[in-house]
Amino acid sequence: MSLRRTKERLVRLLEQPDNGVIALSGKWGTGKTHLWNEVKDASGDEKVKKALYVSLFGLSSVDQVKRKLIESAIPGVESHGGVFDGIKGLFNAGVTAASQHYKAMAALKDLNVLLMAPVVLRNKLVVIDDIERKHVKLGIDEVLGFIDDYSKQFCVRFVLVLNDDQLSTDGDQAKLWATFREKVIDEEVRLSTSPEEAFSIAIKLTPSKYEQTLARAIAVCGLTNIRIVGKVLKTANQILAGRDLDQAIQARVLPAIVLFSAIHYRGISDGPDFQFALNVGNPDWMHFGRDKNSEQTEQEKREDRWRLLIQELGIHGCDEFEKVLVEFLESGLFDANRIQAIIDRYVAETLALQVRQAARDFLNRAFWDHRVSDAELLAEASQFPSNADLLSPYVATQLFDTLSEITDGQNLGQAIVDAWIAAFEAGDHHDFDDDNPFNSPIHPDIKVAFDAAKARVQASASVVDACISIIDNSGWGTLQEMAMRRASAEDFDAAIRGMDIDTLRRFMRRMIEMRLQRETFDAHFGTATQHFIDACRAIANDSNSPRLSALVKKLFARTALAVELTQPPEAQADPS
């Protein structure tokens, strides 16, 4: 039941005095306490307005619950008149003073306070929140026994606020709750907050100038936990720092912020992880190992669902922005200068972003809009050859693939690729860097152009960066793990030969340590340490690099890895 309908239902139940115990349940963070406060503030019933509230968080006994309720009722005790005045005077004049000196008197004071509970709570409305967060010593049977007793003997009405998804399923808690649902609770209302409702509450608590774009992405992700939505908004505000951003730039960065923040804060039920999201533009990686002739596994079905979600967000590939975003979420360290540089580049490339947004819109329409004709799609795509230089090579590839599936569309797709290559070859690529960290698919003709412009494989730099990051931080994140897993023996060979001396010293020491502890590191980095050994063996046997060859042999001679350097993998004993 939505927030609005739940509120209406709760108000009607409170208006019916025979409903002594009402339960308001739902998932954690969906706004139950917020809903109750709205109902209380808007009510014309004085008992509702003056309802007593207690959270069971950390309370270990029913006596503590009673004390909390009495303490919250003290400001309004005038209605009890002389009966309570005498007791109150006793506390202030005698027992309170004496209890400072005598433990027995302190115990008497506690007893007297608890004896007041029936007087203070009679005919009141009591709200009990956070039932599932109670102390382990406080059993649900005790809480619901207190509720049953006071509702029947002292006409106390209760509203129970419960995160039922947090209720322990081990032991008897769930069974007890089911029993009291049957025997104690008169009516139960379950709140199912929509993403739009959760956002409308969170945006008031954490305003953002990117409200419209954030609202759409949060709705697509299906985020209903108000606390998590608030964290997503806070992350967006912190990263973008209130910058005035063109709509095309917002469409580029905000869906990514929402998705990766939701993953980090576990806001998407059974959602993807960082690695899957970072590889969104790499179908080959995501389908790795799948047998197309066999029935889909549950994991493969989940991955198909994740792809649809990410596609609906308008995310078709990741670049440096997502890398910085993941590093921030995993480490909590925020590099404002790097973000500023990326945003500045996006601002400088506004036209390019607009063209890329048009390309994403076209790809989305070609995939989803079954009513559009092939002729209409070809007319819409005719703009791209003249703006091909503003597209990324991966989007150009996606356009080619999509157009190739449309009647008479392959020639237009090839024209986009040819125009992109012509613009690329006309540029100055002295410092060209093929930054494709997520192995996004690329058209063969574009790959040929890249190979011609680039003398060395740049993946080796990623290997060095990942290893140095592990050395400096004594740990690693998603990006470093992915770089190490993808590194080939050729990548390690190129890295060792090309890095400066200080980096080489640190790199070799750390990689040898990882190989010596391969049982630990292979679980995270796959075959990386084996590829490192293969590269070192090739260098050790390279007569054209005698000094480097000798250096590698010396480093391994003092370790248990010496035999691996001299024997090929197939000659080594099977460790299993």
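Given 0.36 nm per residue, what is the gain on full extension from Ala423 to Glu196 after removing their alpha carbon distance, in nm? Working shown, then result.
Working: separation 227, 0.36 × 227 = 81.72 nm, distance 4.39 nm.
Working it through step by step, the gained length comes to 77.3 nm.
Nearest 0.05, what FRET efficiency do Arg506 and Arg485 give at R0 = 25 Å with Cβ-Cβ as r? Could the numbers behind the result be given before it?
On the way: r = 21 Å, r/R0 = 0.84.
For R0 = 25 Å, the calculated efficiency reads 0.75.
If we sort 124-133, 349-358, 393-402 on the protection proxy, mean other Cβ atoms within 10 Å, highest first, what's the order?
Working: 124-133: 20.5, 349-358: 17.3, 393-402: 22.1.
Averaged packing, sorted descending, gives the order 393-402, 124-133, 349-358.
Nearest 0.05, what FRET efficiency do Leu548 and Gln517 give at R0 = 25 Å with Cβ-Cβ as r?
Numbers: r = 25 Å, r/R0 = 1.00.
Approximately 0.50, to the nearest 0.05.
Which aspartates and glutamates, on any chain, are close to Lys137 with Cα under 16 Å apart, when same-chain ones fewer than 8 places away are left out?
Excluding near neighbours in sequence, the set is Asp63, Asp170, Asp172.
Can you give the extra length, in nm with one decimal, that the chain gains between Asp246 and Asp63 once fully stretched, where that is 0.36 nm per residue apart less the Cα-Cα distance?
Numbers: separation 183, 0.36 × 183 = 65.88 nm, distance 5.84 nm.
Stretched out fully, the Asp246 to Asp63 stretch lengthens by 60.0 nm.
Per-residue counts of other Cβ atoms within 10 Å, averaged by peptide: what ranking do you get for 296-305, 495-504, highest first?
Order by mean packing, descending: 495-504, 296-305.
Taken together, the values in this text are just the output of simple stated rules run on the coordinates, not laboratory data. Computed from a prediction, not measured in an experiment: that's the story for all the values here. Heads up, the Cβs are rebuilt from the backbone with ideal geometry, glycines too, and the neighbour counts pull from every protein chain shown.
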